[in-house]
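Undergrad: Would you mind keeping the following structure in view while I ask a few things?
The values are calculated or read from the model by the stated rules, or taken from the named source; none is laboratory data. In this text, all values refer to a predicted model and were calculated from it rather than measured experimentally. Note that we place each Cβ from the backbone using ideal geometry, even for glycine, and neighbour counts take in every protein chain shown. To get the accessible areas, we keep the full protein, side chains included, count just its heavy atoms, and leave off ligands, DNA and RNA. Shrake-Rupley method; radii C 1.70, N 1.55, O 1.52, S 1.80 Å.
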Amino acid sequence: MNIEIRTDKNIQNSERLITYVRAELNAAFQRHSERITHFSVHFSDENAAKGGADDIHCMIEARPAGLKPVVVNHRGHNIDTAIHGAIDRLKRSLEHLFEKKENPRAAVPVFAEVNDADTEDAEDLKD
């Protein structure tokens, strides 16, 4: 499982941040580690030095093997709340996607067999 972490110019990308995000993703998606090939995490601070409520934006893109990428976003007042909110959303999205793939709702319809006696009865009803 490859994990890529990027930040904008307002958030300092440090080894501590990288280690923290990797540990959180590995812990949250350990169950699905063989199904997910790549994570891409992007942090941005929309208000920069001005501050403000919920101005840290976290976007996570997960690439499940053999499926289209799944992208989630979450805003928080710090990096911790932003990453945990995005991980929770991603967890729900991926579990829903895997469940749909394993147990599709629209099964192939089963048609009743038509035999000659049924067709004769239907023709008698027309007359």
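Undergrad: Considering only the stretch 17-33, state which residues are open to solvent by less than 60 Å² (accessible area, probe 1.4 Å), touching a strand residue (DSSP E or B) at 6+ places or on another chain (Cβ under 9 Å) and either within 22 Å of Leu67 (Cα to Cα) or free of Cβ contacts under 8 Å to residues at least 12 places away in the same chain (or both).
TA: Taking the stretch 17-33 and keeping what is open to solvent by less than 60 Å² (accessible area, probe 1.4 Å), we get 17-18, 21, 23-25, 28-29, 32-33.
Within this subset, residues satisfying the condition of being touching a strand residue (DSSP E or B) at 6+ places or on another chain (Cβ under 9 Å) are 17-18, 21, 25, 29, 32.
Once the filter is applied, which keeps residues that are open to solvent by less than 60 Å² (accessible area, probe 1.4 Å), touching a strand residue (DSSP E or B) at 6+ places or on another chain (Cβ under 9 Å) and either within 22 Å of Leu67 (Cα to Cα) or free of Cβ contacts under 8 Å to residues at least 12 places away in the same chain (or both), the stretch 17-33 yields Leu25, Phe29, His32.
Undergrad: Then there's this: Looking at the stretch 76-92 only, could you name the residues that are surrounded by 16 or more Cβ atoms within 10 Å (Cβ to Cβ), of a type outside the set (A, V, I, L, M) and without any contact (Cβ under 8 Å) to a residue 40 or more places away in the chain? Give the derivation first.
TA: Step one: filter the stretch 76-92 for residues surrounded by 16 or more Cβ atoms within 10 Å (Cβ to Cβ), giving 76, 79, 82-83, 85-87, 89-91.
Cutting the leftovers down to of a type outside the set (A, V, I, L, M) gives us 76, 85, 89, 91.
Hits for the stretch 76-92 are Gly76, Gly85, Arg89.
Undergrad: Filter the stretch 34-57 down to residues that are under 18 Å from His77 (Cβ atoms) and among the acidic types (Asp, Glu) and give me whichever is surrounded by the fewest Cβ atoms within 10 Å (Cβ to Cβ).
TA: Glu46
Undergrad: Find all pairs meeting these conditions: Cβ atoms under 7 angstrom apart; at least six residues apart or on different chains; first residue within the stretch 45-57 and under 15 Å from Gln12 (Cα atoms); second residue of a type in the set (Val, Ile, Thr) and at pLDDT 75 or above.
TA: Between residues of the stretch 45-57 that are under 15 Å from Gln12 (Cα atoms) and residues that are of a type in the set (Val, Ile, Thr) and at pLDDT 75 or above, the close pairs are Asp45/Ile11; Asp45/Ile56; Ile56/Ile79.
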